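Student: What follows is a single structure, and I will ask about it in a moment.
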Amino acid sequence: MEKGTVLLLEKTALKQIEEAKSTEALNNVKNTYLSKKSELSTLTSQIGSLPVEQKKECGQLINSVRQAITQAIEEKMVLLKNQELEEKLEKETIDISLPGKDSNLGSRNPFYVIQDEMVEIFLGMGFEIADGPEVETDLFNFELLNIPKDHPARDMQDTFYINENELLRTHTSPVQARAMKAKKGSPIRMICPGKTYRRDNDDATHSHQFAQIEGLVIDKDINLGHLKATLELFVKKMFGEKREIRLRSSYFPFTEPSVEVDITCANCNGKGCAMCKGTGFIEILGAGMVHPNVLKMNGYDPNQYSGFAFGVGIERLAILRYDIDDIRKIYQNDVRFLQQFKKVS
Ligand code: FA5
């Protein structure tokens, strides 16, 4: 075994280690000089066959070369790993001055904007929120509201029947009866927003599914003046101080007297135009004093208690407020329509 060959091997290896530019290249060098198939390993295996006097010297030489190469590789490896990490970190820096991706924010349906606003106004007047089922019984939807089986008023509110006794409620008024039963004869001041259904033909102002907010106040000495003042305040908060209301006599089996409530037309300021069909007013809700029969049927003594109730269509208010020409647009989910309400929602 030539000493010079081993020293040359060391020199070449150290040079290659020094020149290695990446951990990958350095691993290749390591493989070449330190693996089992390397020249150094072959030389080691030949030591056994050398004459005794050379064995020790050659063994020591090969070991020191192996150590030198191993140490040089280890030191260079640390260096290269740090270098590669720094390069990677530099490449991955985030440019925080780049403009972000614009996310397309939606807007609330005008229906919910109006519903929340209405609820807020009534909560401010001290009303509580009550709730009732959309699949209602004939008893609550009609009977307990003074509309018995053969009553002609049922014709005005035909609906979708589940079976003979269950139906999709035609108005939120059944919640009046439910609230009275729950309060068991004590005073009530509640509103109930909710979905209602009718077998109405859909057109610009009618939908087979729509929503109402029911209102009910029962206490001692409640009169029509309380109803008028409450609705007047509601309309002014909703549509502005200039809006006036008008009460027209009407008929509902569950109120006596009954009224339809109109507001002055915003389009013509009450002068009369195409929108209000020349009348200067637009109808928004039905209301009245709770019928003594209804009080009696639901556990209140009409000689001690009186009350008023009203039912207002939410979509009808939404189309009036935003000048929407067709009530069906509220349900069609057309983004071009909905995006117009970004500012208000
Ligand atoms: C009623 O539903 C009564 N329950 C209201 C009431 C409550 C009277 C308490 C007295 C005491 P009416 O059928 O008029 O009444 O409906 C009330 C409101 O619901 C209407 O003024 C209108 O705003 C809305 N409405 C009725 N039918 C539809 C429909 N098909 N599509 C959209 N809105 C409707």
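Student: Between Asp116 and Lys343, 0.36 nm times their residue separation minus their Cα-Cα distance comes to what? Present the calculation step by step, with values, prior to reporting the outcome.
Tutor: Values: separation 227, 0.36 × 227 = 81.72 nm, distance 1.55 nm.
Extra length available between Asp116 and Lys343 comes to 80.2 nm.
Student: Taking all protein chains as present, what is the carbon and sulfur share of the accessible area of the range 173-303, in % to the nearest whole number, probe 1.4 Å?
Tutor: 48 percent
Student: Once the Cα gyration tensor of the chain is found, what semi-axes does its equivalent ellipsoid get, as square roots of 5 times the eigenvalues, in whole Å, sorted largest first?
Tutor: 93, 25, 18
Student: So, one more: Taking the Cβ of Gly124 as the center, what net charge do the other residues with Cβ under 15 Å away carry, scoring Lys and Arg +1 and Asp and Glu -1?
Tutor: After counting each charged neighbour, the total is -2.
Student: Using alpha carbons only, how many angstrom separate the centre of the range 170-215 from the centre of the range 86-119?
Tutor: 38 Å
Student: By how many nm would the segment from Glu24 to Lys56 lengthen if fully extended, with 0.36 nm per residue of separation less the alpha-carbon distance?
Tutor: 8.0 nm
Student: Which whole-number percentage describes the relative contact order of the chain, with Cα contacts under 8 Å and a sequence gap of 6 or more? Mind dumping the intermediate values first?
Tutor: Working: 521 pairs, mean separation 53.9, N = 345.
The normalised contact order for the chain reaches 16 percent.
Student: Could you compute how fast the range 3-91 diffuses translationally, taking Rh as the Kirkwood radius over C-alpha pairs and applying Stokes-Einstein at 10 °C with viscosity 1.306 mPa s? Give it in µm² per second.
Tutor: 112 µm²/s
Student: FRET efficiency for Asn303 and Cys268, Cβ-Cβ distance as r, R0 = 45 Å, nearest 0.05?
Tutor: Calculated transfer efficiency: 0.45.
Student: Cα axis of helix 3-19 to longest principal axis of the chain: angle in degrees, 0 to 90, nearest 10?
Tutor: The helix 3-19 is inclined about 30 degrees to the chain.
Student: At a 1.4 Å probe radius, which order do Met275, Met118 fall into by accessible area, largest first?
Tutor: Met275, Met118
Student: Let me ask something else about it. With a cut-off of 16 Å, note down the residues of the range 185-223 whose backbone N falls inside the zone around a label point 7 Å from the Cα of Thr279 toward its beta carbon.
Tutor: 205-206
Student: Relative contact order (percent) for the range 243-320, with alpha-carbon contacts under 8 angstrom and 6 or more residues of separation?
Tutor: Over the range 243-320, the number comes to 25 percent.
Student: Full extension from Met125 to Thr12: what is 0.36 nm times the residue separation minus their Cα-Cα distance, to one decimal in nm? Provide the component values of the computation, followed by the final result.
Tutor: Values: separation 113, 0.36 × 113 = 40.68 nm, distance 9.42 nm.
Stretched fully, the Met125-Thr12 segment lengthens by 31.3 nm.
Student: With θ taken as phi - 60° and the coefficients 6.51, -1.76 and 1.60, list the Karplus ³J(HN,Hα) couplings across the range 69-75 in order, rounded to whole Hz; mark glycine and proline as x.
Tutor: 5, 4, 4, 4, 5, 4, 5
Student: Something else now. Would you mind telling me the share, in percent, of accessible area of the range 3-91 contributed by carbon and sulfur at probe 1.4 angstrom?
Tutor: Ligands and nucleic acids excluded, carbon and sulfur give 53 percent.
Student: Taking a point 7 angstrom from the Cα of Arg199 along the C-beta vector, which residues in the range 165-189 have backbone N less than 12 Å away?
Tutor: 168
Student: What cysteines in the chain have no other cysteine with a beta carbon less than 4.7 Å from their beta carbon?
Tutor: Cys58, Cys192
Student: Counting Lys and Arg as +1 and Asp and Glu as -1, what is the net charge of the other residues whose Cβ lies under 12 Å from the Cβ of Gln16? The partial results should precede the final answer.
Tutor: Numbers: positive: Lys11, Lys15, Lys21, Lys30, Lys76; negative: Glu10, Glu18, Glu19.
Result for the neighbourhood of Gln16: +2.
Student: Sorting Leu224, Leu216, Leu61, Leu105 by accessible area (1.4 Å probe), largest first, what list results?
Tutor: Putting Leu224, Leu216, Leu61, Leu105 in descending order of accessible area: Leu105, Leu224, Leu61, Leu216.
Student: Now for a different question. Counting heavy atoms of the protein chains only and a 1.4 Å probe, report the per residue accessible area for the chain as a whole number of Å².
Tutor: Working: 19980 Å² over 345 residues.
Counting only protein heavy atoms, the per-residue value for the chain is 58 Å².
Student: What value, in deg cm²/dmol to 500, does the helix sum -39500 (n - 2.57) over DSSP H runs of n ≥ 4 give at 222 nm once divided by the residues of the chain?
Tutor: It lands at -13000 deg cm²/dmol.
The values are calculated or read from the model by the stated rules, or taken from the named source; none is laboratory data. Treat the numbers as computed from the prediction; the structure is a model and nothing was measured. In this analysis, Cβ positions are derived from the backbone assuming ideal geometry, glycine residues included, and neighbour counts consider all displayed protein chains. Calculation scope for accessible area: heavy atoms of the full protein, side chains included, ligands and nucleic acids excluded. Shrake-Rupley method; radii C 1.70, N 1.55, O 1.52, S 1.80 Å.
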